[in-house]
Amino acid sequence: MSVESWLDTRLGAVVVPEKGLQTGPFGSQLHASEYVSDGVPVVMPRDLAGNVISTGISSRVSPTTADRLDRYRLRTGDILFARRGQIGRCALVTPDQDGWLCGTGCLRARLSSAAHPDFIIQLLQWPATVAWMAENAVGQTMQNLNTTILSALPLRLPRLPVQIKIAEILASVDETIAATRRVIEQTATVKEGLLVRLLSRGVARSPLEMEGVDRAIPKGWRLCRLGDLCSFTNGRGFKSTEWSRRGLPIIRIQNLNGSTDFKHFGGTPKDAWMVEEGDLLFAWAGVKGTSFGPYIWNGPRGVLNQHIYRVRPHEDVVKLWLFETLRQVTHEIEERAQGFKSSLLHVRKADVTSHEVAVPPLAEQQAIAERCNSAREMEAVEVSNLEAVERLKRALMDDLFSGRVEVDHPGAQEAPQAAEL
């Protein structure tokens, strides 16, 4: 079936006539006091991930309230969109979720017989579709979608048999992606258990002996403060007036977490600010469980911003062992964090340098580091496999939705007729 015979249409033309696009209830229709601990699940934007609705729904209402909000009921085959925030989050309603409610912050699409839900949910993941939604969303502080915008979302539809075939092809890739993610989760669990054992007992699993009154450590190890194992040098507070279009990247906490959005410093840097690839860093401010902790820098050469320490191990300390040790004790250190807002917490340098850890001999540090590195390499292989499958899916989407690859199926010789829409 040639792509020229596909029908160019809009999402608003392939939903049912009566409330085909429906915004979830506003606060005036569903009050905070009406939520209960056990009842009918209400799907919120946070519950949409990877085209599925989370099984751990935390928002619920009583059956009586759900009956009052019957217009927001979900049916099998409905598609839910997050109206605000991360544009492109959506999910398909399954039979297990039939009868649940579309929550505040979500928008529901109920398709007509001209469009197959499995095809549409895949089409909505296509980067070209996500880009259109992002470009047409409204709002300065936070992007928002509404029924008018989604109604205008452009679609190209083949006949239903071809829609189903394309959806089956992409769903098979989704199964591989899901299986790979499960392997990564299992590998990560095993790895974390191994790291805890290695850092507390070592490779040799030496017998424990008491150190002080309430601490047992492996024989031959010693208790040391972190400040006696390495130096902690804070970054510089670069002002916005010092930012430039060119120069050295300013390494901020968001860059440690993967952001490639760098500000730049065009002046003459001091050696104390400089960061090279492979340097050990420690973030000491931000949000608990997100910002704090050690990082091995794998980005470009740059200058270090404030709220991050450059960590230099002493000669008798193995950097990778120190990195893993810092990871293990970060949750204890960040418990000392203070601040006026949960998003602006910080620890003092003394909170870090005074923290005690069990230190093995140098040879044992090296052995632990090698084992830890092997565990991380195994995890990295699985992550690389996942990235490869995700690239494959994006390439398939480009081929299938653009028509570069044609899908033949009996009964797919004609495009949907206008009457069907």
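We did not get these values from a lab; they are worked out from the coordinates using the rules stated. A quick note: this is a predicted structure, and the numbers were derived from the prediction, not measured. Because the Cβ atoms are built from the backbone with ideal geometry, glycine has one as well, and the counts that use them run over all protein chains shown.
Among the residues making up the range 317-350, those that are surrounded by fewer than 18 Cβ atoms within 10 Å (Cβ to Cβ) and of a type in the set (Asp, Glu) are 332, 335. Within the range 264-278, the set of residues being surrounded by 20 or more Cβ atoms within 10 Å (Cβ to Cβ) and farther than 21 Å from residue 347 by Cα comprises 265, 275.
Looking at the range 285-297, can you tell me whether even one residue there is in contact (Cβ under 8 Å) with a residue 24 or more places away in the chain, within 19 Å of residue 220 (Cβ to Cβ) and surrounded by 21 or more Cβ atoms within 10 Å (Cβ to Cβ)? Reasoning before the result, please.
Taking the range 285-297 first, the residues in contact (Cβ under 8 Å) with a residue 24 or more places away in the chain are 285-297.
Cutting the leftovers down to within 19 Å of residue 220 (Cβ to Cβ) gives us none.
Checking the range 285-297: not a single residue is in contact (Cβ under 8 Å) with a residue 24 or more places away in the chain, within 19 Å of residue 220 (Cβ to Cβ) and surrounded by 21 or more Cβ atoms within 10 Å (Cβ to Cβ).
Report, by residue number, each residue of the range 13-29 that is within 31 Å of the chain's Cα centre (by Cα) and buried (at least 17 other Cβ atoms within 10 Å of the Cβ). Passing the criteria: 15, 20, 21, 22, 23, 24, 25.
Pick from the range 116-135 the residues that are free of Cβ contacts under 8 Å to residues at least 24 places away in the same chain and closer than 18 Å to residue 156 by Cα: which of them is surrounded by the fewest Cβ atoms within 10 Å (Cβ to Cβ)? Within the range 116-135, the match that is surrounded by the fewest Cβ atoms within 10 Å (Cβ to Cβ) is 131. Here residue 206 passes the criteria (1) in contact with a Lys or Arg (Cβ under 7 Å, 6 or more places away or on another chain); (2) polar (S, T, N, Q); (3) under 21 Å from residue 333 (Cβ atoms) except the one numbered (3). The condition of being within 30 Å of residue 62 (Cβ to Cβ) and acidic (Asp, Glu) does not hold for residue 174. Residues considered: 47, 78. Of these, the only one that is within 30 Å of residue 405 (Cβ to Cβ) and out of contact with any Gly (no Cβ under 6 Å at 6 or more places or on another chain) is 78. The one condition from (1) in contact (Cβ under 8 Å) with a residue 12 or more places away in the chain; (2) under 30 Å from residue 399 (Cα atoms) that residue 101 does not meet is (2).
From the list 180, 147, 187, 176, which residue is of a type in the set (Val, Ile, Thr), farther than 30 Å from residue 383 by Cα and touching a residue at least 40 places away in the same chain (Cβ under 8 Å)?
Of the residues listed, the single one that is of a type in the set (Val, Ile, Thr), farther than 30 Å from residue 383 by Cα and touching a residue at least 40 places away in the same chain (Cβ under 8 Å) is 147.
Of all residues in the range 34-46, count the ones that are over 16 Å from the mean Cα position of the chain (by Cα) and closer than 17 Å to residue 72 by Cα. Residues that pass the stated criteria total 8. Reported count of residues in the range 51-81, each being in contact (Cβ under 8 Å) with a residue 40 or more places away in the chain, closer than 25 Å to residue 122 by Cα and not hydroxyl-bearing (Ser, Thr, Tyr), is 7.
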